[in-house]
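The values are calculated or read from the model by the stated rules, or taken from the named source; none is laboratory data. These figures come from a predicted structure and were not determined experimentally. Heads up, the Cβs are rebuilt from the backbone with ideal geometry, glycines too, and the neighbour counts pull from every protein chain shown.
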Amino acid sequence: MRKFTILAIILYLTSCSGDQSNNVFNKYDLANLVKLTSDTTEVIIKDFFPQVKKVDSVFSHNLKIIKSSSFDTIKVVRTENTKPINTIRVVSGGDKGVLLASDQMRHFDTKSENSVKIFTMLGKKRSFTFAIRGEKPEFIVLWQNTIIDPFNVTKPKQRAESADGSKTRITEVRVDVPHYASSIDRSYIRIIAFNQGSVSNDVLVPLRYGEVVTSAEALTRNDKHNQIIYSLLIDRFKDGDSTNTKRLNQPDVLPIVDYYGGDLEGIYQKIEEGFFSELGVTTIWLSPITQNPYDAWGLNRDPVTKFSGYHGYWPIYVTKIDDRFGNDATLERLLESAHERGMNVILDYVANHMHINSPTLKANPGWVTPDTTPDGRPNFELWDEFRLTTWFDRHIPSLDLEREEVYEPLTDSALFWLEKFDFDGFRHDATKHIPEVFWRRLTNKIKERFPGRVIYQIGETYGSPQLIDSYVRNGMLDAQFDFNVYDSMIWSLIEESGSFTNVWKTLENSLNTYGYHNLMGYITGNHDRPRFISLAGKSLIPGEDYKLAGWKRDIGVGESTGYNKLSLLHAFILTIPGVPTIYYGDEYGEPGGNDPDNRRWMRFEGYNQQEGEVLAGVKKLTHLRRSSMALIYGDIIPLKISEDIMCYARIYMGEIVIIALNKSGESRTIDVNLPALFSWDNMSSVSGKLVSIGKERAKIEIAPLSYTIISNAN
């Protein structure tokens, strides 16, 4: 085991020294993993350390670094010595930080018995142990953005674990929290392991003034992993002040796309009443609040109607609250009330476009992208072919945000909302249609002007995991919404051939792409998609035009099994890694087609029995998640994945939660193998039925179209 100590000492001595609490890299957010996707990969250092003013040197033992004149951009070249996980040392002003680089050119067999997996085992006040399952592992332990002092990592011990008669190698390691962590309120220890055939999950251990956090009670609204988001459209939530309700009441605007009257006062009232606290959410996502036009725009041909700007996505003035939603004083009261109750509020910010009548555009007509493509076609709704220039509609031209004279004032406009109001972050509209330079500049300004302030930024991109991930960097966005997992879950529940096997495959791909402790958003639905419950209940026909259906007929729930399937979706997103996101009305099962039918008035009472049961289930799940370190920071282990069954465990420092979902119409009793390295004592049912549990096996009963959750933390 001598090689482990040698590896740790070499990494430590070449990456850091001295009191690491004073190292500027350790005051930065945790750097994302660098992904080497070709033999030569271009890396922008400020994407990972955006606050670095000047990079003095970059070095790696196992990678060749080709420097640019400024060091801000480097080329990383794979060599014959490149490992599955490599370290890159970055030096700035005498301080040293470390980036971890994953060799994505290798093929890893994650299903092999020899593949590596890490689990946290036991947390004490100033130390914890972790176990690596797999053959011949190497591992790296970081505190913040530097390799941990090797003398804080004990010599690994190895033993064999029995599983169905086989033997799997287990390596146990103890980590003592370094003394210099005591000076920082919240810091983290990160661990990743690898061998020649695989790379492990990443482990994240939060510390509070140098002590291992083992209870969710120690978490606050500043802990980004501790968030449950509630998404709402202001105009459709609650009318708290009828004096600002200003419908267009025009014959060419159908009522469903006119203003309803919801406002900031209505949201404030629901905060004060305890609606959000009782529901168990921790972050309110407000739809855009900027001033929209007073007249109608756009055209729907079947049925024929123009639209009001009730949704907020047609900004006229980007730094003024729409007077139909309220004023500065109301927004300030709303934010103060939310914060007093331990909740965050993030703002939906629209940067991609402005309304054609915006005074800003009238003064700067050259700020927009071309309305025709190079080959002469109209440049409208070409979402992928010309994603950085296409217009969403003729009255909302896209801004040419590649240009400094455009992105500088627009990033300042975003900062206006953080400077004037105590917002906790942004949901960014149309992320993939905006160039990376905009995101880099905005995030750099945020970190410069608000040092120490916790700002969460989440984007909206439909596309491949690689495209989505390209924006998820310290220097751009914290996260994006993972629509791929959502779509996989939808089709598994509404198609006859749907399978949980595909859901798990998609989830694993996301975890391997974004990390096992990502901040990605996992949704119940959103304002651009048909309501999940109407798909699940078959009121909507798979593959039909969901928007047209919402215009043409009264979309309901359909079959009552839709409620059960919605509850399965709730159980899933509230027990996997990431940030659960509930679209308003999905907590009880509001039906609807696509936009605008998915934007009905919120209902706060008068629920039928099934809606009440779904709502009660959501409240139970949100409070379970918020009280469970295993569900917030835990490792995830698949126990049984099949067409109709998805059973997995979340484990953190000995706290265990097992989740079993059954999408079949029959009750199922499943037998699952349990990793022998954990103690399975004191497990009991949170919901559903635990039939029996022993040292290495459990028998779990799951009702039809339902879920069972068992835990040792009841």
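Which one is farthest from the chain's Cα centre (by Cα) among residues in segment 593-611 that are of a type outside the set (F, W, Y) and within 21 Å of K270 (Cβ to Cβ)? I'd like the intermediate steps shown before the answer.
We begin by selecting, within segment 593-611, every residue of a type outside the set (F, W, Y); these are 593-600, 602-603, 605-606, 608-611.
Cutting the leftovers down to within 21 Å of K270 (Cβ to Cβ) gives us 598-600, 602-603, 605-606, 611.
Values: N598: 23, R599: 23, R600: 26, M602: 25, R603: 27, E605: 30, G606: 33, E611: 27 Å.
Out of the qualifying residues, it is G606.
Residues in segment 325-336 that are of a type in the set (S, T, N, Q) and surrounded by fewer than 18 Cβ atoms within 10 Å (Cβ to Cβ): how many? So that I can check it myself, show each step before the final result.
At the first step, the residues of segment 325-336 found to be of a type in the set (S, T, N, Q) are 327, 330.
Going one step further and asking which of them are surrounded by fewer than 18 Cβ atoms within 10 Å (Cβ to Cβ), we end up with 327.
Qualifying residue count, segment 325-336: 1.
Any residue in segment 252-261 that is of a type outside the set (D, E), out of contact with any strand residue (DSSP E or B) (no Cβ under 9 Å at 6 or more places or on another chain) and on the phi > 0 side of the Ramachandran plot? Even if it seems obvious, please write down each step before you answer.
In the first step, residues of segment 252-261 are kept if they are of a type outside the set (D, E); the result is 253-257, 259-261.
Keeping just the survivors that are out of contact with any strand residue (DSSP E or B) (no Cβ under 9 Å at 6 or more places or on another chain) gives 255, 259-261.
Remaining after also requiring on the phi > 0 side of the Ramachandran plot: 261.
Yes, the conditions are met somewhere in segment 252-261.
Could you say which residue among P251, P255, P293 is more than 21 Å from S337 (Cβ to Cβ) and in contact with a His (Cβ under 6 Å, 6 or more places away or on another chain)? Steps first, answer last, please.
Values: P251 fails: in contact with a His (Cβ under 6 Å, 6 or more places away or on another chain); P255 fails: in contact with a His (Cβ under 6 Å, 6 or more places away or on another chain).
Only one candidate qualifies: P293.
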Among the residues of segment 135-147, is there at least one that is in contact (Cβ under 8 Å) with a residue 40 or more places away in the chain, assigned by TED's automatic domain parsing to the domain that holds S21, surrounded by fewer than 22 Cβ atoms within 10 Å (Cβ to Cβ) and in a loop (DSSP other than H, G, I, E, B)? yes
Considering only segment 235-257, state which residues are in contact with a Phe, Trp or Tyr (Cβ under 8 Å, 6 or more places away or on another chain) and not in a helix (DSSP H, G or I). F237, K238, D239, G240, T245, K246, R247, L248, V253
Limited to segment 646-677, what total is found for residues that are over 27 Å from T214 (Cβ atoms), hydrophobic (A, V, I, L, M, F, W, C) and either part of a loop (DSSP other than H, G, I, E, B) or touching a Leu at 6+ places or on another chain (Cβ under 7 Å) (or both)? 2
State whether the residues of segment 682-695 include one that is surrounded by 17 or more Cβ atoms within 10 Å (Cβ to Cβ), farther than 30 Å from S539 by Cα and touching a residue at least 60 places away in the same chain (Cβ under 8 Å). yes
Among (1) over 24 Å from G261 (Cβ atoms); (2) in a helix (DSSP H, G or I); (3) in contact (Cβ under 8 Å) with a residue 40 or more places away in the chain - the single one G550 does not satisfy: (1)
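Yes or no: I446 in contact with a Phe, Trp or Tyr (Cβ under 6 Å, 6 or more places away or on another chain) and of a type in the set (A, V, I, L, M, F, W, C)?
Considered against the rule, which asks whether it is in contact with a Phe, Trp or Tyr (Cβ under 6 Å, 6 or more places away or on another chain) and of a type in the set (A, V, I, L, M, F, W, C), I446 comes out as no.
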Can you tell me which residue is nearest to L36 (Cα to Cα) among those in segment 75-134 that are outside any loop (DSSP other than H, G, I, E, B) and of a type in the set (D, E, K, R)? D103
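Among the residues of segment 326-353, which ones are part of a loop (DSSP other than H, G, I, E, B) and either closer than 22 Å to T369 by Cα or more than 28 Å from the chain's Cα centre (by Cα) (or both)?
Filtering segment 326-353 down to residues part of a loop (DSSP other than H, G, I, E, B) leaves 326-327, 341-343, 350-352.
Scanning segment 326-353 gives G326, N327, V350, A351, N352.
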Checked Y230, Y260 against criteria (outside any loop (DSSP other than H, G, I, E, B) and not small (G, A, S)); the one match is Y230
Given D185, D235, D239, D223, which one is among the acidic types (D, E) and either buried (at least 21 other Cβ atoms within 10 Å of the Cβ) or on the phi > 0 side of the Ramachandran plot (or both)? D235
Matching residues in segment 367-385 (under 13 Å from N352 (Cβ atoms), among the hydrophobic types (A, V, I, L, M, F, W, C) and either outside any strand (DSSP E or B) or more than 32 Å from the chain's Cα centre (by Cα) (or both)) number 2
Single condition T360 does not satisfy, out of (1) surrounded by 16 or more Cβ atoms within 10 Å (Cβ to Cβ); (2) hydroxyl-bearing (S, T, Y); (3) assigned to a loop (DSSP other than H, G, I, E, B): (3)
Against the conditions (1) free of Cβ contacts under 8 Å to residues at least 60 places away in the same chain; (2) in the same structural domain as K35 (by TED's automatic domain parsing), where does G240 fall short? Just the number, please. (2)
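With the structure loaded, tell me whether G593 is touching a Pro at 6+ places or on another chain (Cβ under 6 Å), at pLDDT 95 or above and assigned by TED's automatic domain parsing to the domain that holds Y707 or whether it fails that test.
Values: touching a Pro at 6+ places or on another chain (Cβ under 6 Å): yes; at pLDDT 95 or above: yes; assigned by TED's automatic domain parsing to the domain that holds Y707: no.
So G593 fails the test.
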How many residues does segment 246-297 contain that are surrounded by fewer than 22 Cβ atoms within 10 Å (Cβ to Cβ), aromatic (F, W, Y) and within 19 Å of R324 (Cβ to Cβ)? 2
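Could you check segment 496-510 and list, in sequence order, the residues that are surrounded by fewer than 21 Cβ atoms within 10 Å (Cβ to Cβ), over 18 Å from Y471 (Cβ atoms) and either touching a residue at least 40 places away in the same chain (Cβ under 8 Å) or touching a Phe, Trp or Tyr at 6+ places or on another chain (Cβ under 6 Å) (or both)? If you could, list the steps in order and put the result at the bottom.
Going residue by residue through segment 496-510, those that are surrounded by fewer than 21 Cβ atoms within 10 Å (Cβ to Cβ) are 496-499, 501-502, 504-506, 508-509.
Narrowing the set further to residues that are over 18 Å from Y471 (Cβ atoms) leaves 496-499, 501-502, 504-506, 508.
Result: G498, S499, T501, W504, E508.
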Within segment 191-233, track down each residue that is under 30 Å from I271 (Cα atoms), touching a strand residue (DSSP E or B) at 6+ places or on another chain (Cβ under 6 Å), among the hydrophobic types (A, V, I, L, M, F, W, C) and touching a residue at least 60 places away in the same chain (Cβ under 8 Å). V213, I228, I229
Among the residues of segment 389-444, what is the count of those that are within 19 Å of I44 (Cβ to Cβ) and among the aliphatic types (A, V, I, L, M)? 4
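If a residue has to be of a type in the set (D, E) and either touching a Lys or Arg at 6+ places or on another chain (Cβ under 6 Å) or outside any loop (DSSP other than H, G, I, E, B) (or both) to count, how many in segment 553-589 make the cut? If you could, list the steps in order and put the result at the bottom.
So in segment 553-589, the residues of a type in the set (D, E) come out as 554, 559, 586-587.
Restricting the remaining residues to those that are either touching a Lys or Arg at 6+ places or on another chain (Cβ under 6 Å) or outside any loop (DSSP other than H, G, I, E, B) (or both) gives 559.
The number of residues fulfilling the criteria is 1.
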Within segment 662-681, can you find the residues that are farther than 22 Å from H570 by Cα, in contact (Cβ under 8 Å) with a residue 40 or more places away in the chain and not hydrophobic (A, V, I, L, M, F, W, C)? N673, P675
